[in-house]
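Student: Take this structure first; my questions come after.
The values are calculated or read from the model by the stated rules, or taken from the named source; none is laboratory data. Given the structure is predicted, the values throughout are model-derived calculations rather than measurements. Don't worry about glycine lacking a Cβ; one is built from the backbone with ideal geometry, like all the others, and counts go over all protein chains shown. Please note that ligands, DNA and RNA were not included when accessible areas were found on the heavy atoms of the full protein model with its side chains. Shrake-Rupley method; radii C 1.70, N 1.55, O 1.52, S 1.80 Å.
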Amino acid sequence: MTLMRLSCSIAGRRAALGNCAVLRSAPAHWSNASLYNAAPALFSGLQPASRGLASLVGSIDQGTSSTRFIVFDDKANKIASHQMEHKQIYPREGWCEHDPEEIINNVKECIEETLKKLEAAGYSKKDLVSVGVTNQRETTIVWDKETGKPLYNAVVWLDLRTSGLVEELSRDYGSDRFRDVTGLPVSTYFSGVKLLWLERHVPEVAAAISEGRALFGTIDTWIIYRLSGGAQDGGVHVTDVTNASRTMLMDLNTCTWHEPTCSALGITTSMLPEIRSCSEVYAPLRCTSLKGVPIAGCAGDQHAAMLGQLAFKKGQAKCTYGTGAFMLMNVGDKPVKSTHGLLSTVCYKLGPNAPVTYALEGSVAVAGRAVMWLRDNMEMVADAKELQELASSVSSSEGVYFVPAFSGLFAPYWRPDARGCIVGLTLYSTKAHIARATLDAVAFQARELLDAMESDSNTKMRVLKVDGGMTI
C-alpha cells in the first residue's frame, strides 16, 4: 500500500479532451507529460490550420466541482486558461445537483477570460482552429427543446436519490439485468436511472416528455447544444460514444441506443441525442468571442484521460484521482465482460469511420471529495493542501480507518446502501491520524480496483499512470 499511497502524490495533471487528429500525428519531440497535460485540447478532428498566424486549440473541461477553458499551442504547451467553481446543491441527504445555467454561463465566462489572457500573451482569438469538450460523466439534464431551458437541476453522477428505483429494477432480474448489452449493472451511478427518476418525480419533465418537448443529455450534450445555438439558433443535439456508454442505454457492440433497454426503462428514444465519435466536427460555436470556431472533439473525462496518457495499446492503464477515483485499462477492439465488479465501457472512437476501442473501468465515488468533506464539513483544515502536511506528520494512521462511502460504494461492491464510517479511534488518535486514514482510503480503494482489473484481464499490471487533482 505504500506504493499506492505514493502514486497519489506523483506530479501529474488531470487529462481532458480536445484534438484527436493532432495527437495521431504528434511530433516525436512531444513528451508524454506534455501530451497528457495538454490533452484537453489535443483531440478535435481538425489539423491545425491557417485561421491565424499561430495554430491553437481550446478545451472546455467541465468537472464535478469546476469548469476550465484552456488554450494550447501545437506543441502541447499551455498558453492561457481560466477556471471557475460552481455551486454544489444538496437538497436532501444523498442528493447532489448542479445548476445547468450556472455551468453554461461559467463555460462562456471561462472562454472570455481565457481569451483576454491569450491576447495579453501576444496571441489572437483568430489563432484558435477548434475547440474540444470533456466533462463529468453520467450527470443528467433534461431541457425543453422549444425554449432551450432546463426543466430541473442537473442530477449529478454521485447522487443517490435513485436507490429505490435501482431496487425496483433489480428485483426480478438482479443488478446485471442490462449488463450483457450495456456493460453496466443497474446502479444509481448511471444516467438512464436518473432520467427515469426525473420523469416520475418532476411534473415539468413528465409533461415535456409526454408532449415531445423534452431533450435529454449529459453535460457534454448540454454544452454543445447551447454553444452551437440552443433552441433559438439551431443547436445540435449530440453526444459522443464514450458519454453514451455511461447512460446504461447504449448497446456496447453496436454503439447505438438499445431499444429494448430503453423500453424497459420507459424512455422514449426520440429525446436521446445522436451518438457520434470522439473526433469529428459537431457544429461551429454560435456564441462567445469564438463564434464560428468548430466544436470538433468530445469525450467523457476518464476516457479523455486515457487519450492524454497515450493509452492506445491493449493492457495500458491509468487511474485518475479527482472527486472520485477512476481506473481504466485498454482491452482492445472487443468488450471484456467483468466477473469482479468492474464496468465494460467504450474507451474511445477517434473518428466517424474509426474502430471502437474498449476498456475495463473501476469507479470509486469518493476520493478527493473526502478531502473536501474534511475541509468544508468538518473544518479540519482551511485548505486541501494542508491535509497532505497533516497526514505526513504521522508515520501511520495507528489503526484508524476511514471508509468514505458518502454515496454508497461503487466498484467492486456496488452497494448503494453503504455509508461512510471512521473506525479504530482511541484516545491517542488525532486529526493527523484521520487525515492519514483519508489518504490511505483513496489508496486502498485504488488497490481493490487494480486487483479486480488484473483478475478480469488476466494481465499483471506493470505500469499504472496517474493524474487528477489529487496528484498535483
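Student: How much of the DSSP bridge set in the chain is antiparallel, in percent, rounded to the nearest 5? Walk me through the intermediate numbers first.
Tutor: Values: 50 of 69 bridges.
Restricted to the chain, the bridges split so that about 70 percent are antiparallel.
Student: How high is the relative contact order of segment 136-252? Use alpha-carbon pairs under 8 Å, at least six apart in sequence, and give a whole percent.
Tutor: Reported relative contact order: 33 percent.
Student: Expressed as a rounded percentage, what relative contact order does segment 320-472 have, with Cα pairs under 8 Å and six or more residues apart?
Tutor: The value is 28 percent.
Student: What is the distance in Å between the Cα centroid of segment 73-95 and that of segment 186-220?
Tutor: Comparing the Cα centres of segment 73-95 and segment 186-220, I get a distance of 24 Å.
Student: Would you mind getting me the FRET efficiency between ASN253 and THR147? Use the beta-carbon distance for r and R0 = 41 Å, nearest 0.05. Could you put the intermediate results ahead of the total?
Tutor: Details: r = 37 Å, r/R0 = 0.90.
For R0 = 41 Å, the calculated efficiency reads 0.65.
Student: So what is the calculated 222 nm ellipticity per residue for the chain, using -39500 (n - 2.57) for each DSSP H run with n of 4 or more, over all residues, to the nearest 500 deg cm²/dmol?
Tutor: Mean residue ellipticity, 222 nm, calculated: -8500 deg cm²/dmol.
Student: I've got another one for you. Under 20 Å between alpha carbons, and skipping anything fewer than 8 positions from LYS431 in its own chain: which lysines qualify?
Tutor: Output for LYS431: LYS385.
Student: Answer with one residue from TYR348, VAL423, PHE402: the one whose Cα lies farthest towards the positive end of the charge dipole of segment 343-472, charges on Cβ with Lys, Arg +1 and Asp, Glu -1.
Tutor: Positive-most Cα among the choices belongs to TYR348.
Student: Give me a comma-separated list of calculated 3J(HN,Hα) values for segment 279-286, in order, Karplus coefficients 6.51, -1.76, 1.60 applied at θ = phi - 60°, integers in Hz, x for any Gly or Pro.
Tutor: Values, residue by residue: 9, 6, 7, 8, 4, x, 5, 10 Hz.
Student: Right, next: Quick one: which of 411-423, 214-226 comes out on top by average Cβ neighbours within 10 Å, and what's the full order, highest first?
Tutor: Listed from highest to lowest mean packing, they are 214-226, 411-423.
Student: Also: Please compute, for the alpha-carbon atoms of the chain, the extent along each of the three principal axes and give them in descending order in Å.
Tutor: Largest first, the chain extends 65, 52, 43 Å along its Cα principal axes.
Student: Longer than 22 Å from Cα to Cα, which of LYS314/LYS337; LYS125/LYS149; LYS87/LYS465; LYS78/LYS349 are they? Say none if no pair is.
Tutor: LYS125/LYS149; LYS87/LYS465; LYS78/LYS349
Student: How much net charge surrounds SER263 when only the other residues with a Cβ under 14 Å from the Cβ of SER263 are counted, with Lys and Arg +1 and Asp and Glu -1? Before the final figure, lay out each step's value.
Tutor: Numbers: positive: ARG177; negative: GLU199, ASP251, GLU259.
Surrounding charge for SER263 is -2.
Student: Turning to a different aspect of this structure: Rank these residues by their accessible area, most exposed first, probe 1.4 Å: LYS334, LYS385.
Tutor: Order by accessible area, largest first: LYS385, LYS334.
Student: Moving on to the next point. Would you please give the residues with an amide H less than 5 Å from that of GLY315, counting only those at least 5 places away or on a separate chain, with H modeled from the backbone geometry?
Tutor: Under 5 Å from the amide H of GLY315 lie the amide H atoms of ASN330, VAL331, GLY332, each far enough along the sequence or on another chain.
Student: What's the magnitude of the charge dipole for the chain around its Cα centre, counting Lys and Arg as +1 and Asp and Glu as -1 at the beta-carbon? Answer in Debye, nearest 20.
Tutor: That gives the chain a dipole magnitude of about 1100 debye.
Student: How much of HIS340 can a 1.4 Å solvent probe reach, expressed as accessible area in Å² and rounded to 10?
Tutor: Probe radius 1.4 Å; accessible area of HIS340 about 80 Å².
Student: If you take the alpha carbon radius of gyration of segment 188-282 and divide it by 2.2 N^0.38 Å, what ratio comes out, to two decimals?
Tutor: Taking the Cα Rg and dividing by 2.2 N^0.38 Å, one obtains 1.06.
Student: Still on this model: Restricting to bridges with both residues inside segment 58-191, how much of the DSSP beta-bridge set is antiparallel, in percent to the nearest 5? Don't skip to the answer; put the middle values down first.
Tutor: Working: 17 of 22 bridges.
Counting only bridges with both partners in segment 58-191, antiparallel ones make up about 75 percent.
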